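First comes the structure, then the notes that go with it.
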Amino acid sequence: MSRNLLLGLVALAALHPSPGSAAGDGQVVAPGVAEAQAFIDEAEAQLAQARELWNRTLWVKQNFITFDTDLLAANATENYNNLIVGLLGRAKAYDGMDLPGELARKLELLKRQIDVPPPDDPAKSAELARLTTELDSMYGQGEYCQDGKCRDLEELSELMRSSRNEAALLDAWTGWHSIAPPMKDKYVRMVTIANEGARDLGFADVGSFWQSRYDMPPADFVAETDRLWNEVKPLYQALHCHVRAKLGEAYGTDVVPPAGPIPAHLLGNMWAQEWGNIYDLVAPEDADQGYDLTEILEARKFDAEGIVRTAEGFFTSLGFSPLPETFWQRSLLTKPEDREVVCHASAWDLDDQEDLRIKMCVRINEEDFRTAHHELGHNFYFRAYKDQPLLFRDGANDGFHEAIGDTIALSITPEYLVRIGLLDQAPDASRDTGLLLRQALDGVAFLPFGLLVDRWRWQVFSGEAGPTEYNATWWQLREDYQGIKAPVARPPDAFDPGAKYHIPGNVPYMRYFLARILQYQFHQAACAQAGFEGPLHRCSIYDDKEVGQGLQAMLAMGASRPWPEVLQAFTGTDRLDATALLAYFAPLKTWLDEQNRDRQCGW
Ligand SMILES: [Zn+2]
């Protein structure tokens, strides 16, 4: 009884906070602060419980896709979303209050717990959960059927990767994009409801809600991404110019005009987002990189576990503790034959403590060798910050989380492969152009795509692009940023953004752009700490315990401090900076400029 009365009084006080209500002398805590603290303590306890249940439900669904697990997952997501939205509603009572730093930050971080916020209306909240689950499943079940034969994304991607037959590529590209039009009405409705949810939380729309999660005003964040893009644009344009010329040689300049955008179906990837698969078409004369990691892995009879154990070995060489035994017992590493699973690789932390896992259908090749390092980067990050309070158990921002494993993957140099006995001798510097070009075709080619996906979504959520303009806006952005065009005129009902998982899946995308910049910043800083003096692409931090200690310290901070401080702790600078990426690829840029000397670049 008296407890209720007290809370009632405290709640009243919270509406009239005094300017100096922060706990100053450690004796008297102003009522507003005490109530905010009690609220956050309760929120963290509720979230801890709800998150574990939600994680375990999603794990089961993704490992056993059935009608029932889909239903259970939608239900669990609705419950979890409602919990967070309820907490966010209550948190509004503390807006503008002068709170101690840690408390203020936790209130801010509550907003990072949800991507698609439901409105304060049970019917709409349920409709939103249904729509997001349906969109996700429609994508997952997408197939291109023709003459009674159906192909899924894995088959079509394999064709995009390996075929050099223009007609077959075009067929696979248009076929996959035909899965998206049925999603459009649901997507439009989802946008409307989620925007209502964002407005209930005090944001103009979902786009500005997403932009608000980077410890700076949303407009400043948008400007930062523009600044970074302008820094890397000359390198991208040089790569684009060379690739376009080589594709023109391969397919003819009537298919690939020498001065215009490149048709989207010729770059070895369904979304033309990474181009490493067409290395053979654009490689220099002495293309041989000196070794082929896929062949080595096959010859050494690596299996899925062997690949993941090798990736773990990199982290333990830096001083991280080995993964718990349960990781090996509970992870999914090979595609099961007797049931449907979500093969898209992901890293998990089911109880926010030691129950770490990955779910990945590992294939024995170089790409998956690198992906294993990427996923374990998430796992070691999870564990590094597990002793933080719940709301601080997160990456400094979402780009950091994506960047850690990729930073380690940059250390998979020939010299590293020699050290772990996979290679007898590292190729000399004459092989560097091939090595760097192969890497740029993925890492540099990705940058404008990483930027434009959310540029599109920001316009969609703000209403700047209405439903009838969705597709035209998508292609305008792809042309402006990537210099890529649709290979054929698009039908009126086309919804081409829906053919990329993160749109129907509602996964924010800017994190991948940030990560591709950050990983080079981390790599450069780590190599400097290691005292490495050669070219950055030959630096590996393998077995460097001191660098590992600094890395671990950064990861252990979790989201407890604004990301610029976390960045500063490891790199000595508090700004995102593309110069590390440019330094890494500088020798390649020189080579590309020579190749492009007599070509007209740009589109
Ligand atoms: Zn990731």
Residue list for the stretch 353-371, restricted to those being more than 15 Å from the chain's Cα centre (by Cα) and not charged (D, E, K, R)
Q353, L356, I358, M360, C361, V362, I364, N365, F369
Any hit, the stretch 482-499, residues being within 30 Å of P257 (Cβ to Cβ) and of a type in the set (S, T, N, Q)
yes
What's the number of the only condition in (1) more than 24 Å from I503 (Cα to Cα); (2) in contact with a Ser or Thr (Cβ under 6 Å, 6 or more places away or on another chain); (3) among the hydrophobic types (A, V, I, L, M, F, W, C) that M97 fails to meet?
(2)
Could you pull out the residue among R56, R90 that is surrounded by fewer than 20 Cβ atoms within 10 Å (Cβ to Cβ), within 23 Å of the chain's Cα centre (by Cα) and of a type in the set (K, R)?
R56
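Can you find, within the stretch 342-352, the residue that is farthest from D303 (Cα to Cα) among those that are under 21 Å from the mean Cα position of the chain (by Cα) and away from the ligand (no atom under 16 Å from the Cβ)?
The residue in question is D352.
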Considering the stretch 504-537 alone, what residues qualify as being polar (S, T, N, Q) and either closer than 25 Å to T433 by Cα or in contact with a Gly (Cβ under 9 Å, 6 or more places away or on another chain) (or both)?
Q519, Q521, Q524, Q529
Looking at T66 and the list (1) modelled with pLDDT under 90; (2) touching a helix residue (DSSP H, G or I) at 6+ places or on another chain (Cβ under 6 Å), which single condition is not satisfied?
(2)
If we keep only residues of the stretch 528-581 that are hydroxyl-bearing (S, T, Y) and in a helix (DSSP H, G or I), then the residue surrounded by the most Cβ atoms within 10 Å (Cβ to Cβ) is T571
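The rows are residues; the columns are (1) among the hydrophobic types (A, V, I, L, M, F, W, C); (2) within 16 Å of the ligand (Cβ to nearest atom); (3) touching a Gly at 6+ places or on another chain (Cβ under 7 Å).
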| residue | (1), (2), (3) |
| --- | --- |
| H374 | no, yes, yes |
| F392 | yes, no, yes |
| G399 | no, yes, no |
| I412 | yes, no, no |
| E415 | no, no, no |
| L423 | yes, no, no |
| S430 | no, no, no |
| L435 | yes, no, no |
| Q439 | no, no, no |
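The values are calculated or read from the model by the stated rules, or taken from the named source; none is laboratory data. Only a predicted model underlies this, so the values are computations on that prediction, with no experimental measurement involved. No Cβ is skipped: glycine too gets one built from the backbone with ideal geometry, and neighbour counts run over all protein chains shown.
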